[in-house]
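Remarks on the structure that follows.
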C-alpha cells in the first residue's frame, strides 16, 4: 500500500474505533470534519518516509505513530482556529470546525483527538509488543508557536523508533524540517493565494504574530527558508534510504516555495 | 507515604517534568493553577485504594495511573469552565483558569494536561516494564456529560490493573460510584452552599442540564443516591482489602450527602 493510502486507512480505522456506540453524533461529526478530507498529510508521510528509509520492519507500529502525529496535528488546528486564538472561519478550503459545529464541539473534538492519538499509539505499541518510550513526546512549551517543529521532530524520531533504529540521530532532521515549514508558512501567509492554501492569508500580520517574513522581509525569508531546507537535507542520517529521503525534502521544498515563482512573488510583494 | 501525600507528590513531579526550560511562564502558571491546590483528589485516591486492596505490588505504576486520572480530571474542569460551556468564574474557591489567565491559555492548559496525563501513564508503564493496554481508556462519548463516570471506572480498573489483578471485575464498582458522585453533585447543585463547594450552585437549572435532582425531586434524588452507593458497595470484588474499601465508600457517601443534614436539606429546599 502506498504511504498516503496507509495513512488514510489508519486514520479511518482510528476514527471508527473512537466512535463507540453512544458517541454523540454531533461530536463524531466534528471529529470527522477535523480529520477528513485532510491536507497534504505532511507529518505522517514524513514519519513513514523515515521508517521506510530505516527498513520499516514493523509497519503496524509505524502506522500507529504516523496516525497519532496526524491526529495531534488535526487537534492543534481545531483549537488554533477557535475564536480565542485565530478565529478562523476557513480551514482546508471549507468551514473550520467551530464555524461548522460551534465552539463547544470544537473544544471537545480537539480534546478527543488528543486522547485518540495516544490511544492509537498505545494500541500500536502494545500490538507491536515493544516497550514504547512514549515518543513522540510533545513538550508543553511546544503547544504554542513551536508546535509545528515539535510534530516534525516527533515524525522523524517516531518513524526511526518504529523501525527499530536509535531515534536520537533523527531529531535534528525533523527540527530543521519543522523550521523550514514554519518559514514557508510565514512566506505563504504574506504572498500566498487563499484559494490555493485553503485558509485566509495575512493572519500573522493581522494578529501581530512572530513571522520570518515580517522580521526578515520577503527576500530574506526566502533565503532563510532555503538555508533551513539545506540544513534539513544535511541532517538526514546515513542509511539505505537516505538519498531518497533527501530528494523528498527537495521536492517538498519546491512544492512549498516554488523557485520559478520566487521572482514573481518578490515583484508582487514589492 | 499516605495515599494523599503520594498523589500530591506524583502530581508535583508530573507538573515539574512538563515544565521544560523554555515553557512559557504564563502557560506553566495556568497549568499549576488548574492542578494546585486540588480538590478532594477523589479519583486518584479511589485508584490507590483499589490498588491497595489488591496488594499494590507496583506502587510506581499505581501512582502513575492515579496521577494520569487526576490530570485528565483537571483538564476536563478547565475546559468545562470555559465561556462556551459553563462560563464559570470560580472553581475550588478561587478564580477559574480562564478567568485568571484568559481563554487562550485555558484551552492550552487543558490540552497540555491531557498530553501530560498520557506521558505520565506511558512513563510509569515503561518503568514498570509491563505491556500496558492503555487503560484508562477514555471513550470519546465520555467527554460530554458521562465523563464523571468514565474517570471513576478508569480509577478502579486502572488501580486493579496496576496491582496486577484482572481489571474487568473492577469496572462495575467504578461505574456505580461514578453515578453516585454524579447524583451527589446534582443534589449539592440544588441545595449546596457555594462557600463549601467552592463553585457556583444552581448551574444545572440555569443551564438546563440533565440532573437527578431536577428529574426526581430532591427526596427522590437522595433515595437514588443511597441506592447507587449500595450498588457500589455490593460491586466491590472479593479481595483482602474489600471490607476496608466498602467502609471507605460509606464514609465518602456520608461526606458527600450527610445523613444528619438530609432532613434539614429537604426542609430548606421545600
- Determine, yes or no, whether residue A:141 is modelled with pLDDT under 90, within 30 Å of residue A:247 (Cα to Cα) and not in a loop (DSSP other than H, G, I, E, B). no
- Does the stretch B:83-100 hold any residues that are surrounded by 22 or more Cβ atoms within 10 Å (Cβ to Cβ) and either within 13 Å of another protein chain (Cβ to nearest Cβ) or closer than 18 Å to residue A:108 by Cα (or both), and which are they? B:97, B:98
- Task: Go through (1) more than 16 Å from the chain's Cα centre (by Cα); (2) touching a residue at least 60 places away in the same chain (Cβ under 8 Å) one by one and return the number of the condition residue A:12 breaks.
- Result: (2)
- Given the structure, is residue B:160 touching a helix residue (DSSP H, G or I) at 6+ places or on another chain (Cβ under 9 Å), at pLDDT 80 or above, over 16 Å from residue B:233 (Cα atoms) and assigned to a helix (DSSP H, G or I)? yes
- Query: Which of the residues spanning the stretch A:4-40 are surrounded by fewer than 20 Cβ atoms within 10 Å (Cβ to Cβ) and modelled with pLDDT under 90?
  - Reply: A:17, A:19, A:20, A:21, A:22, A:23, A:24, A:25, A:39, A:40
- Task: For the stretch B:68-82, state whether one or more residues are within 14 Å of chain A (Cβ to nearest Cβ), in a helix (DSSP H, G or I) and more than 21 Å from residue A:112 (Cα to Cα).
- Result: no
- Task: Would you mention how many residues in the stretch A:166-180 are surrounded by fewer than 20 Cβ atoms within 10 Å (Cβ to Cβ) and more than 18 Å from the chain's Cα centre (by Cα)?
- Result: 3
- Message: Quick test of your reading of the structure: residue A:208 fulfils all but one of (1) modelled with pLDDT under 90; (2) on the phi < 0 side of the Ramachandran plot; (3) more than 17 Å from the chain's Cα centre (by Cα). Name the failing condition by number.
- Response: (2)
- Note on the structure: Selection over the stretch B:6-40 where residues are part of a loop (DSSP other than H, G, I, E, B) and within 14 Å of another protein chain (Cβ to nearest Cβ) yields a count of 6
- Does residue A:112 satisfy the condition of being within 8 Å of chain B (Cβ to nearest Cβ), surrounded by 24 or more Cβ atoms within 10 Å (Cβ to Cβ) and in contact with a helix residue (DSSP H, G or I) (Cβ under 7 Å, 6 or more places away or on another chain)? yes
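The values are calculated or read from the model by the stated rules, or taken from the named source; none is laboratory data. Nothing here was measured: the structure is a model prediction, and the numbers come from that model. Neighbour counts run over all protein chains shown; Cβ positions are idealised from the backbone, glycine included.
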